[in-house]
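Participant: One structure is given below, represented as structure tokens, and several questions about it will come after.
The values are calculated or read from the model by the stated rules, or taken from the named source; none is laboratory data. If you're wondering where the values come from, they're calculated on a predicted model, not measured in any experiment. All Cβ positions, glycine included, derive from the backbone under ideal geometry; neighbour counts span all protein chains shown.
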Amino acid sequence: MSVLRELITLDRREHLLALFMILSSAIAFIFQHDFSLIGWVGLVTSIASVLNLILVDRGRLTNFCWGLISTGTWLVIAVHNNLIGDISSQLFYFLSQFVGIAVWHRSISISHTDYVKPKKLSPQMMILTILMAILLYSINVYLANFLHGKQIYLDATLLVLGIIGQLLMTYGYRSQWAAWIMINVINVVIWSVQLKNGGPAATSMLVLQVMMLINSLYGTYLWFRPK
């Protein structure tokens, strides 16, 4: 199967990084002592997210298969923690996986490679992206207040940055990594608070956020380095 083949054909650095992140998530799962259904869902989310991220680093199409699992299970956890922005983000991510599959498949077919080639964002598109982010953030803060969400002003940034990052990723723009780094930093803060407040699967999710932040820095290196 191509899903497993693309994991096997990654180089040693990716294999070591994936192993480190999966082991970290497993250790966090054990130490949080939450062996309920939602606790196991958190572990599945962590593993699927790690495999998804490693494949995104290398521009591999099969990342979306793991992305569907990751976003679906993450949505369940976000609902249990009443994080309105995160719920909106994961719904958006889940639906975006199908769009990403179509766009990346076409891009790979045209370029006759097995990966998506990074593109640079123009100054005009950068300005448009910033304006769209401001508008979306204002709308999301209003909705989060209306729905009585938790950590509203931080949480509201997740959907905005997620939309920006996912769109840039879908169309192969390397600037996506700026959005992912910001999202991961914010998520570290959010899940630290959830852990302090005893949120469901919070330990696993916090460790996952730290791993995702490390991976986003590695992905930035790969997509921005001279070819």
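Participant: Suppose we filter A102, A144, A179, A156 for residues that are free of Cβ contacts under 8 Å to residues at least 24 places away in the same chain and in contact with a Gly (Cβ under 8 Å, 6 or more places away or on another chain); which single one remains?
Facilitator: One residue alone meets the criteria, A179.
Participant: Tell me, please, whether a residue that is more than 13 Å from A202 (Cα to Cα) and either under 15 Å from the mean Cα position of the chain (by Cα) or not hydrophobic (A, V, I, L, M, F, W, C) (or both) can be found in the range 23-33.
Facilitator: Looking for residues that are more than 13 Å from A202 (Cα to Cα) and either under 15 Å from the mean Cα position of the chain (by Cα) or not hydrophobic (A, V, I, L, M, F, W, C) (or both), one finds at least one in the range 23-33, hence yes.
Participant: Go through the range 127-152 and give me each residue that's under 30 Å from R225 (Cβ atoms) and surrounded by fewer than 12 Cβ atoms within 10 Å (Cβ to Cβ).
Facilitator: Hits for the range 127-152 are I127, I130, L131.
Participant: Give the residues of the range 192-227 that are not polar (S, T, N, Q) and not in a helix (DSSP H, G or I), sorted by residue number.
Facilitator: G198, G199, P200, A201, R225, P226, K227
Participant: Are any of the residues in the range 110-129 of a type in the set (G, A, S) and within 30 Å of R12 (Cβ to Cβ)?
Facilitator: The answer is yes, given that some residue of the range 110-129 is of a type in the set (G, A, S) and within 30 Å of R12 (Cβ to Cβ).
Participant: Let me ask another. List every residue pair whose Cβ atoms sit under 6 Å apart, with the two residues 6 or more apart in sequence or on different chains, where the first one lies in the range 29-42 and is farther than 11 Å from V76 by Cα and the second, anywhere, is at pLDDT 85 or above.
Facilitator: From residues that are farther than 11 Å from V76 by Cα, the pairs are F29/L43.
Participant: Take the residues in the range 63-83 that are of a type in the set (V, I, T) and surrounded by fewer than 20 Cβ atoms within 10 Å (Cβ to Cβ); name whichever of them is nearest to the chain's Cα centre (by Cα).
Facilitator: I69
Participant: Just give me the residues in the range 112-125 being in a helix (DSSP H, G or I) and surrounded by 12 or more Cβ atoms within 10 Å (Cβ to Cβ), in sequence order.
Facilitator: Across the range 112-125, the qualifying residue is only M125.
Participant: Still on this structure, please answer the following. For the range 182-227, name all the residues that are touching a residue at least 12 places away in the same chain (Cβ under 8 Å) and of a type in the set (S, T, N, Q).
Facilitator: Correct list: N184, N187, S192, Q194, T203, S204, Q209, N215, S216, T220.
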